[in-house]
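K.L.:
Here it is, the structure, as structure tokens.
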Amino acid sequence: MPLIIQKEPFIVQAAINRPEAMNAINFEVMNALESLLDELEQDHELRLFILTGAGSSFISGGDLREFHQIKDADGAKEMTRRMMSVLSRIEQLPCWTLAAVNGPAYGGGWETLLAFDFRIAISTATFGFTQGKFYLPPGWGGITKLTETVGRDQAMYWLASHKMIDAETAWKSGLIQDVFGENEYDQKLTNLKKALVKNDRKFIQYIKRKDLLKSEDEIEPFSTFWESEEHLKRVDDFLKRKK
């Protein structure tokens, strides 16, 4: 079973289930992710998709043992295009997406987490920009996304020096948005999940919009949410509690 799937109201969580290989992604995992995305794209109630790893690792990258059987550029193109398609589909999901980094994220692991809206990590997690050790640049869109996330100079330095960083450094650089201590990881993740599914898909899709070009573009949708029954009810409930 390449993925362990857990479902709650409005939430689907998938854990890559290859702990013996530090959850390295192989073709079987790709197959499972593609099948899962087929389902998620049709789930109109879904508000949050979470990806994590089984055991004590997040994702250690692509499976070198399996992918090393690919010897030519055409085969490499097919593999990388397929994984980039998976990541693009995650980016386009109309719900929140969360990478819950529960351990090491090396190579393709950090490339994968950059496809998610939000990225949190346990305090013991490490991030390795290690592809260069094998005379390879990132192959799953990582250069572009890393540069956008942490800046060009930082991205180049990490990639050129095969840098290993800890969770605190990842947070300070903007690679992830939060760090949860070992003893509080599960509870804080539970609290975050509850917060992220509080609002419906209409609200989530609006916040995720990328076509707002100027502040005035926000007036019309804000006004629509203002007059909604859900907004009025929540304000009424809040004011009653304050009495």
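The values are calculated or read from the model by the stated rules, or taken from the named source; none is laboratory data. Since the model is a prediction, treat every value here as computed from it, not as a measurement. Methodologically, a virtual Cβ is constructed for each residue, glycine included, from the backbone with ideal geometry; neighbour enumeration extends over all protein chains shown. Only protein heavy atoms, including side chains, enter the accessible area calculation; ligands, DNA and RNA are left aside. Shrake-Rupley method; radii C 1.70, N 1.55, O 1.52, S 1.80 Å.
K.L.:
When you look at residue 147, is it hydroxyl-bearing (Ser, Thr, Tyr), under 25 Å from residue 104 (Cα atoms) and touching a helix residue (DSSP H, G or I) at 6+ places or on another chain (Cβ under 7 Å), yes or no?
P.N.:
yes
K.L.:
Working only within the stretch 22-33, note down all residues that are over 23 Å from residue 204 (Cα atoms), part of a helix (DSSP H, G or I) and either open to solvent by less than 30 Å² (accessible area, probe 1.4 Å) or charged (D, E, K, R) (or both). Give the steps one after another, and end with the answer.
P.N.:
The initial filter retains those residues of the stretch 22-33 that are over 23 Å from residue 204 (Cα atoms), namely 22-32.
Next, from what is left, pick out any that are part of a helix (DSSP H, G or I): 27-32.
Selection gives 28, 29, 30, 32.
K.L.:
On to the next question. What residue, among those in the stretch 195-205 that are under 18 Å from residue 41 (Cα atoms) and under 19 Å from the mean Cα position of the chain (by Cα), is surrounded by the fewest Cβ atoms within 10 Å (Cβ to Cβ)?
P.N.:
Looking at residues that are under 18 Å from residue 41 (Cα atoms) and under 19 Å from the mean Cα position of the chain (by Cα), I get 205.
K.L.:
Quick check, is residue 37 farther than 24 Å from residue 186 by Cα, open to solvent by less than 70 Å² (accessible area, probe 1.4 Å) and within 14 Å of the chain's Cα centre (by Cα)?
P.N.:
Answer is yes for this residue.
Yes/no per residue for (1) part of a helix (DSSP H, G or I); (2) closer than 30 Å to residue 147 by Cβ:
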| position | (1), (2) |
| --- | --- |
| 179 | no, yes |
| 189 | yes, yes |
| 195 | yes, yes |
| 199 | no, no |
| 204 | yes, yes |
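K.L.:
In the stretch 60-130, which strands (runs of 3 or more DSSP E) lie fully inside it and hold 2 or more residues that are of a type in the set (Gly, Ala, Ser) and modelled with pLDDT of 95 or more?
P.N.:
Here the list reads 96-101.
K.L.:
Next question. Only residues that are in contact with a strand residue (DSSP E or B) (Cβ under 6 Å, 6 or more places away or on another chain) and among the small types (Gly, Ala, Ser): list them for the stretch 70-101, please.
P.N.:
Once the filter is applied, which keeps residues that are in contact with a strand residue (DSSP E or B) (Cβ under 6 Å, 6 or more places away or on another chain) and among the small types (Gly, Ala, Ser), the stretch 70-101 yields 99, 100.
K.L.:
Can I ask one more? Give the residues of the stretch 147-164 that are more than 25 Å from residue 68 (Cα to Cα) and either surrounded by 20 or more Cβ atoms within 10 Å (Cβ to Cβ) or at pLDDT below 95 (or both), sorted by residue number. Explain how you work it out, then say what you get.
P.N.:
The first filter runs over the stretch 147-164 and keeps only residues more than 25 Å from residue 68 (Cα to Cα), leaving 147-157.
Correct list: 155 only.
K.L.:
Let me ask something else. Given (1) in contact (Cβ under 8 Å) with a residue 24 or more places away in the chain; (2) within 25 Å of residue 96 (Cα to Cα); (3) crowded, with 16+ Cβ neighbours inside 10 Å, identify the lone condition not met by residue 168.
P.N.:
So residue 168 meets the others, but not (3).
K.L.:
List the number of the failed condition for residue 7; all other conditions in (1) open to solvent by 10 Å² or more (accessible area, probe 1.4 Å); (2) assigned to a loop (DSSP other than H, G, I, E, B) hold.
P.N.:
In the conditions (1) open to solvent by 10 Å² or more (accessible area, probe 1.4 Å); (2) assigned to a loop (DSSP other than H, G, I, E, B), residue 7 misses (2) alone.
K.L.:
Identify, by number, the condition in (1) loosely packed, with under 12 Cβ neighbours inside 10 Å; (2) over 22 Å from the mean Cα position of the chain (by Cα); (3) modelled with pLDDT under 90 that residue 218 doesn't meet.
P.N.:
Unmet condition: (1).
K.L.:
For the stretch 206-215, give me each residue that is of a type outside the set (Asp, Glu) and either free of Cβ contacts under 8 Å to residues at least 60 places away in the same chain or open to solvent by 100 Å² or more (accessible area, probe 1.4 Å) (or both).
P.N.:
Within the stretch 206-215, the subset of a type outside the set (Asp, Glu) is 206-210, 212-215.
Residues satisfying the conditions are 206, 207, 209, 210, 212, 213, 214, 215.
K.L.:
Still on this structure, I have one more. I need every pair where a residue in the stretch 82-93 that is open to solvent by 40 Å² or more (accessible area, probe 1.4 Å) has its Cβ under 7 Å from the Cβ of a residue that is of a type outside the set (A, V, I, L, M), sequence separation at least 6 or different chains.
P.N.:
84/140; 84/141
K.L.:
Here's something else I'd like to know. For the stretch 117-124, state whether one or more residues are among the basic types (Lys, Arg) and under 17 Å from the mean Cα position of the chain (by Cα).
P.N.:
Yes.
K.L.:
Moving to a separate point now. Pairs please, first residue from the stretch 139-160 and touching a residue at least 60 places away in the same chain (Cβ under 8 Å), second anywhere and assigned to a helix (DSSP H, G or I), Cβ atoms under 6 Å, 6+ apart in sequence or on different chains.
P.N.:
Cβ pairs passing all conditions: 139/80; 140/83; 140/84; 140/108; 140/111.
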